[in-house]
Amino acid sequence: MSLKDYFLISENWSLAWAIVLIILFVGYVIGLRPGFKKQLFMLGACTLTYLTLGSPLQGLLNFGLHSVVMLQQVVILMVVPLFIWAGIPSKNCLKIGRKLPPQYKNALVITIWFIGTLSMWIAHFMSAASLSARSGLAICGIVMAPNTWLTKIPNTLLLLVLLGIGILFLFPVFTKNINFKLKPLNAVIYLFTACVSCSLLGLWVAFSAASTVVTEVAPLLTTLRNPLPLSLKTDQELAGMIMWVPGCVLYVATSAHIALKWLEGEKQTDLNIITHQKESH
Amino acid sequence: MSIHLKISHPDKKLPSLKTDRGRLTWFSTVDHKQIGIMYLWLALFFFIIGGLEAMVMRIQLTVPESSLVAPEVYNQIFTMHGTTMIFLALMPVLLGLGVYFIPLMIGANEMAFPRLNAFSFWITCLGGILLYVSFFTGGAPAAGWFSYAPLSENQYSLTQGVDYYVIGLILTGMGSLGTALNFAVTVLTMRVKQMKLNMLPLFVWMSFINAFLILGAFPLLNAGLVMLLIDRQLDALFFLPSSGGSAILWQHFFWSFGHPEVYILILPAFGIISEVIPVYARKPIFGYSFIAASTVVIALLSFGVWGHHMFAVGMSNTLNGFFSAASFLIAIPTGIKVVNWIGTLYKGSIRFTTSMLFALLFLLNFTIGGLSGVSFAIVPVDWQLTDTYYVVAHLHYVFLGGTAFAAFAGIYYWFPKITGKLLSEKLGKWHCWLFVTGFNMTFLLQHVLGMLGMPRRVYTYFDYPYWAILNAISTIGAVIMFIAIGIFLWNIYATLKKAPSSESNPWQAHTLEWATPSPPNLKNFDVLPPVHSRRPLWDLNNPSKKDKKLN
Amino acid sequence: MKDKGKLLVFFLIGSEAFFFIALIIAYVYYRNFTQATDTVAHHLNVPRAAVFTCCLILSSFTLIASKKQLFKSNLKKFKVLIAITILLAVVFMAGQIYEYIELYHKQITISKDVFGSSFFTLTGFHSLHVLIGLIALSLLFAFSFGNFKILAFAGINGVEIYWHFVDIVWLFVFFFVYIKPIL
């Protein structure tokens, strides 16, 4: 069947996930009472999460498509956390991490940076191994026996852990807690260095596609009954480029937003919120 | 015991060539103003040499099947023209203006590391000298300014030209890195206390962001250069496909430097324009935060688009597609800047000084260059036009029409500050109009020449339809540019001979460097005006119409 | 941060990090992206290199300790600890040189094939950076004796950051060159 038909079959869309996400969104609206713009961001986050976890994309994984794995991971690790943070109202942002002792800011920021970047590498290796085990192909030079424990880990669990890490990673950038918020230029460096790390892996994946021997041996394995016919080489190149180009563009846009707000002198509002909170206690 | 020297007297003047032992102090100086002036002279010197190389090329190409210049010599000339103009003319003029003016514009008395500053300048000189020594040791490099492997390897480049190229560029690269380190640390640590980081003049901001671009891009070039040198001198096999190496790897390394390099060459130029236009339009810059933020975007994105120089090497459509999309994206922040500059002009009361003329012509010519660049982001268009004269036209519109015009604008703007003498407006306008006319005559039609199929880097061509006439017109344009530069040099010479006459702020400009005498004393500032906005001198001179307080 | 020297060294090591990333990319490219099989990796003595790696890591710790002593003005302890640091670094360099000589005797040189080229270039540039660090450390040691003690105080922060950088780069090089081929 064609890709269009595949996406139009309603069985391929998960009802369970739709219900869960709708409940979460409604709870957010009633509980936190956010403004309209923040609601839009959160709605975007929920939609993207649904598209990643509950849409036919999940099913495409069974055909061993590397690029689908990558798309899921990029969206859930980089895009959705951005939208979630953008959707949390300021007063709730303040409460997050309030009890952390301020003198550990540098250590905390560096730890979080490493957790974030390493998780992207580890998650990719795990899913590449899992994909290799399930489809019997070498993915990026990784070959796994079919019955390893890695295949027992559900992809959804991996993605949810990534979502948590992604949200944690953006904490120093988006928190309103002045003790832990990165200064604007430092936030840009924080995001850019993560982009470099991510780009290195993406470039590895993309540029090694042309040279893996398996490409020549089994160009059609992923196309049997696969609604998205891609050769192994194109699939891997697509995966590699998806890993770094869209995510990095989004981080650059975030950096631009941070830089813009700082240049226009928005520092005052943060301080106001802090003093207001102090007074009310 | 202190490791710092004290400046004896706040009014001590800069050593001039006329005072006792004045000449020797220039060799040992660590004063940023003197080093800045030396950078500008270096740039002018190599600009003239590069220009003469260009004239030789244009004369050779005037008529088809010309045998004026032998092909081996022609290859050396175009290689050296490109390398000289980029690394020895454009980089030094932009870095030199930065070295001179960044401390002044932030209210500092020196750069953070004065000796590193001097070292950077002299090692750039050494790199330039070494590059040109190659002419006398068997032949200059002849593999193009980007020295593609395997042409640049031992079996195809038999003279030592490429080795001189590699070592020359490593040395000038070290100079650029040193200056970049200095810029970054100076801006972060030596601002006058009241000037917050978001109150910087745009030239300083652009040079600051540029410093990080240099720090990120030059190591990539150095890695490639070092591998090429080891290939050539120690018989390694990095870039030799016949022995298992990869010539494409050289291209990847070179262009992952090369693309940030073109932004390195244009960001300070954007900074100069952002200083010049508000002063001569008598308005504050429109959309400061957008210009500054878009600079950050350009810097970050510039590392991700190098593939668009390699669309024709055989990468798959998937890879090409992503690089193409990213290349379209990177055009947006530059477009935002152009809109903001035009917004500054709107409802301004404009003074058409030579500097302003160059700035306005920058807007027009750089935009043409930018548009031709974006046309390359379309992969099939690039496949047709790659390595033709269309590319030559594009790169000259952005380098000459962009960086060089901005450099001229900056020089006419800041000349009275550096020397205390105003350059002649009459000669300046002759320079400007002749240069722009010649420039467009040369390069506008080269877009057509490229579309008609004339390849780059050929020492002559057959008499295909229209090729001869277009080349002839290009050459006439080059001659007109040559005359214009002659007028410019005469202007500088005649002005320098005059007695100093200029006041500290002849243009009624807004930023801190104009609060010093012209030329500034050895110690830049004894007393600083209060800094509460992005235009401290405007606030001082117009107390009833002050800018919004930012600190 | 307002310390000019520290900022300078941070930016410098950031820049050098890009340089080493490029060299490592070249190394990884030849090993993993081409059809050729690595001819150098199985000749490398990994356990011995691991010992020298430990020396280098230990030298970072002794340097941190020596800095603490310097800022407490215990000059004697500072001199001892920094001498140990220098010694460990010299051991590391000696190990590298010994390895190079051994490989040379097996006819593995920089011009043998593309793996020889990339191995020697990558480890060679790292060794060069270690050498520069060694010279800096020796200067600090020398300054602590004479009338220029203030230079030791001024320089140790920067040298320490640089030395940690050299150490971390080695960890990456060690992983890609020695460990990964046997994984």
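Quick rundown of the values:
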read-out: Dimensions (Å) - the range B:76-200, Cα atoms, principal axes, largest first; value: 60, 24, 18
read-out: Residue-count net charge about B:Val296 - beta-carbon cut-off 13 Å; Lys, Arg +1, Asp, Glu -1; value: +2
read-out: Relative contact order of chain C, defined on C-alpha pairs under 8 angstrom at six or more residues apart (%); value: 33
read-out: Average partner coverage of B:183-195, which counts Cβ from other chains inside 10 Å; value: 2
read-out: Of B:Lys196/B:Lys548; A:Lys91/B:Lys549; B:Lys196/B:Lys417, those spanning more than 19 Å from alpha-carbon to alpha-carbon; value: A:Lys91/B:Lys549; B:Lys196/B:Lys417
read-out: For the range B:268-343, the spread of Cα positions along each principal axis, largest first, Å; value: 51, 17, 17
read-out: Per-pair calculated FRET efficiency, R0 = 56 Å: A:Glu264 and B:Tyr156 via Cβ, rounded to 0.05; value: 0.55
read-out: Pairs of lysine residues in chain C - Cα separation under 15 Å, sequence separation of 8 or more or cross-chain; value: 12
read-out: For A:233-245, mean number of other protein chain Cβ atoms within 10 Å; value: 3
read-out: Stretchable slack from C:Leu87 to C:Arg48, in nm (0.36 nm times residue separation minus alpha-carbon distance); value: 12.3 nm
read-out: Expected-Rg normalisation [2.2 N^0.38 Å, Cα atoms] applied to chain C; value: 1.13
read-out: Under Karplus coefficients 6.51, -1.76 and 1.60, residue-wise ³J(HN,Hα) of the range C:57-68 in Hz, glycine/proline x; value: 5, 4, 4, 4, 5, 5, 5, 4, 4, 5, 5, 4
read-out: Long-range HN-HN contacts of B:Thr388 with modeled amide H, under 5 Å; value: B:Arg456
read-out: Residue-wise HN-Hα coupling along the range A:41-58, computed from phi with Karplus coefficients 6.51, -1.76, 1.60 (Hz; x: Gly, Pro); value: 4, 5, 4, x, 4, 5, 4, 5, 4, 5, 4, 7, 9, x, 8, x, 3, 4
read-out: Low-density loop positions, chymotrypsin sites (Phe, Trp or Tyr not before Pro), the range B:458-551 - DSSP coil, at most 14 other Cβ in 10 Å; value: B:Phe462, B:Tyr466
read-out: In Å, descending, principal axis extents of the Cα set of the range B:205-327; value: 63, 35, 18
read-out: Theoretical FRET efficiency, 1/(1+(r/R0)^6), r = Cβ-Cβ of B:Leu496 and B:Phe352, R0 22 Å, to 0.05; value: 0.35
read-out: Computed [θ] at 222 nm, helices only, for the protein assembly as shown once each DSSP H run of length n ≥ 4 contributes -39500 (n - 2.57); value: -22500 deg cm²/dmol
read-out: Highest average packing first - A:109-122, B:439-452, Cβ atoms within 10 Å; value: B:439-452, A:109-122
read-out: Under the Debye formula (equal points on every Cα, no solvent term), log10 I(q)/I(0) of the range B:274-393 at q = 0.13 Å⁻¹; value: -0.62
read-out: Candidate lysines for bridging to B:Lys337, where Cα separation is under 19 Å - those fewer than 8 sequence places away on the same chain excluded; value: A:Lys261, B:Lys283, B:Lys347
read-out: Relative exposure of A:Thr193, B:Thr179, judged by other C-beta atoms within 10 Å (fewest first); value: A:Thr193, B:Thr179
read-out: With eigenvalues of the C-alpha gyration tensor scaled by 5 and rooted, the range B:150-204, Å; value: 42, 10, 6
read-out: Peptide B:293-301 - average C-beta neighbours from other chains (10 Å radius); value: 6
read-out: Convex hull volume per residue for the protein assembly as shown, taking Cα atoms only, in Å³; value: 202
read-out: Dimensionless Rg ratio for the range A:78-135, taking C-alpha atoms and the 2.2 N^0.38 Å reference; value: 1.60
read-out: Spin-label model distance (nm) - B:Ala472 vs C:Ala36, 7 Å beyond Cα toward Cβ; value: 5.3
read-out: The range C:59-164: trypsin sites (Lys or Arg not before Pro) falling in loop per DSSP and having at most 12 other Cβ within 10 Å; value: C:Lys72, C:Lys106
read-out: Convex hull volume per residue in cubic angstrom - Cα atoms of chain B; value: 159
read-out: For chain B, the longest site-free run once trypsin sites (Lys or Arg not before Pro) in DSSP loop states with at most 11 other Cβ atoms within 10 Å are removed; value: B:348-547
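Throughout, read-outs are computed from the coordinates displayed, never taken from laboratory work. Given the structure is predicted, the values throughout are model-derived calculations rather than measurements. In this analysis, Cβ positions are derived from the backbone assuming ideal geometry, glycine residues included, and neighbour counts consider all displayed protein chains.
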